1. What whole number of Å gives the distance from the Cα centroid of region 28-83 to the Cα centroid of region 240-290?
2. Multiply the residue separation of GLU55 and GLU412 by 0.36 nm, subtract the distance between their alpha-carbon atoms, and state the gained length in nm to one decimal.
3. State, as an integer percentage, the relative contact order of the chain based on alpha-carbon contacts under 8 Å between residues 6 or more apart.
4. Where in region 400-435 is the amide nitrogen less than 12 Å from a point lying 7 Å along the Cα-to-Cβ axis of GLU455?
5. For the residue pair HIS298 and ASN237, what label-to-label distance in nm results when each label sits 7 Å from Cα along the Cα-to-beta-carbon direction?
6. Quote the FRET efficiency, to the nearest 0.05, computed for TYR130 versus ILE196 with a Förster distance R0 of 45 Å and r equal to the Cβ-Cβ distance.
7. So what's the net charge close to ALA449: Lys and Arg +1, Asp and Glu -1, counting the other residues with Cβ under 14 Å from its Cβ?
8. Find, among the trypsin sites (Lys or Arg not before Pro) in region 338-414, those assigned to loop by DSSP (not H, G, I, E, B) with at most 16 other beta-carbon atoms within 10 angstrom.
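Values quoted throughout were computed directly from the atomic coordinates according to the rules given, and no laboratory measurement underlies them. Because the structure is predicted, anything quoted here is derived from the model rather than measured. For neighbour counting, all protein chains shown are included, and Cβ atoms are generated from backbone atoms with ideal geometry for every residue, glycine included.
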Amino acid sequence: MKILEDKIFRTISEEAEKAGTRAFVIGGFVRDYFLQRPCNDIDIVVEGSGIGLAEKVAEVMKTRVSVFRNFGTAMIRKNGIEIEFVGARKESYRRESRKPIVENGTLEDDQNRRDFTINAMAFSLQKENYGCLIDPFGGIKDLQKGIIRTPLDPDTTYSDDPLRMIRAIRFATQLGFSILEESFDAIIRNRERISILSKERITDELHKIIMSGHPSTGFELLDKAGLLEMIMPQLTNLKGVETMEGKGHKDNFSHSLKVLDNLAEKSDNLWLRWAALLHDIGKPATKKFEPGTGWTFHSHDYVGSKMIPALFKQLRLPANEKMKYVQKLVQLHLRPISLVQEEVTDSAIRRLLFDAGNDIDDLMLLCEADITSKNESIVRKHRKNFALVREKLITVEEKDRIRNFNPPVTGEMIMQTFDIQPGPAIGKIKEIIKNSILDGIIPNEYEAAYSMMLELGKEMGLEKKATCITQLPND
Ligand code: CTP
C-alpha cells in the first residue's frame, strides 16, 4: 500500500500505539484508493478518542488542529489534505450529524453503521498488520462488480440516515454502479422519510449528481424511486406524451435529461448544467393543443425563467447572481434557435449579443445541447446553422463590440448638454440610441450617438446648452 508509506499515516500509527489505541483509515479514501480516484479527505477512525489522537498527531507534525467537541471530531489540514479523526461509533456514522456521538465502539461496530459496503472498508494502521484491508462486507467485491449495497439490512441503514437513499443514487451515478435490487426496493419503501432531511443536504447531493459524467442516470433513478417528485415536482411534471388528432409531442422529461447529458460532455459549469436541466420547466404551464397546428408551448422560455426563483428557494439554492444567470439562460434558450430558422441578420445578432452579454458562449453551448432529434439530417442541419450563427457572432462582435455594451452617450451627458433635470426624456433618448445601434442604424460610436442625441433633443424641443466633453470609453 504505497500511499500508506506517507509520513502522516506512519505518524498516526505511532501515536495510536503510544496511546494504546487502534486507528484505521476508513471510508471514501479507501474506496477511492481502489478506484484510483483522487481523494483529499482522509477519515481516521480510532477505537478511543478521535480528538485525543488528532491533538497528539498535530503536535508531532507541528500543525494546527481544529476540534469540534460537539461532533466528537477533530481535523488536521496539511498540504491541501484534510484529515478527520473520529472515535469509533456504535451509532450510525455521518459527518454532518448534530447528534452527540457514542464513541465507545469498536472498528466492527463503526463499519456496521456506515452507509455502503464500498464505504465501510478500512486500512489498518497497526504495526502488526499495517496497511491490511479490513473489509467485513465484501466491499472490494462490490467495487469490482460495480454494486451499491448496504452493510446491514437496507431498511435499517436507510432509516439511520434517509439521505443515504439519495447518496446511493448519487454514488451509482458518479461511479456508473448499480444499486442492488433489494436496496433499491428499500429506497422506494422508505422514500417518504426524506421529508425529515434538510433541503441543503439533499441539494448537495443533487449538485453531485449534476456534476457527474452522465447525470441523467441519477435523475432517472430518483424518479424511479419516487424521490424526484418529492424533491422537484417541476421536473416530474415534464413527464409524459399526449396525442391529439394523431399529433404527439416529445417527452419533455427525457428530453431535459438528454440536454443535461449533452451539456455535461461540453462543460463543467454547475450552473450551466442546472440551466440545461431546467430550460423547459415552463412547458407544462404553457402547453396547448392548437387544432391544425399541433402542440405549442408559447412563451415557455419566459414562464420557465419566472419559475426559477421559487424553485431555487425551495431547494435552498442561492438567490444571487447564479440564480439570475440560470434565469437568463432559460429565458434566452430559444433565441439562437430562432435565429437559425430565419435569415441571420446583423441586427438580430447584435440584439442577441446585447441580451446575452458575456454569457453568450454558455448560451450557445446550451442551445447546441438542446438539439436532441433522433433524425441525423435534422441534427446535421441545426449544427451547420449554429456554426453559421457562431461565425456571425464573432464578426459582428469584432465590428460593433456589443457584448459588453456601454451606451456611448450616458444620461449624465444628456442632462449636461440640454441642461435638464432627471426625467423621462433621458430614458427615451437613451433607448432610441441603443435600439438604433442594435438595429445598425448608427454605429456603436460616440460621434454618431452624440449627433443622434442632438437631433432627438431638437425633436423633443430641447435646446443645446453646453458642449458635452465627457466621453465614455465604450469597452
Ligand atoms: N457516511 C455514512 N453515512 C452518511 C454519510 C457518510 O455512513 N450519510 C460515511 C461513509 O463511510 C463515507 C464516510 O462517512 O465514506 C465519509 O462521508 P463523506 O465525506 O460524506 O463521503 P465520501 O464517501 O467521502 O464521498 P464524497 O467525498 O464523494 O462525498
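1. Cα centroid to Cα centroid, the span is 43 Å.
2. Difference between extended and current length: 122.3 nm.
3. Relative contact order here is 8 percent.
4. 433, by backbone N distance to the label point.
5. 2.0 nm
6. 0.65
7. Here the count lands on -4.
8. LYS374, ARG401
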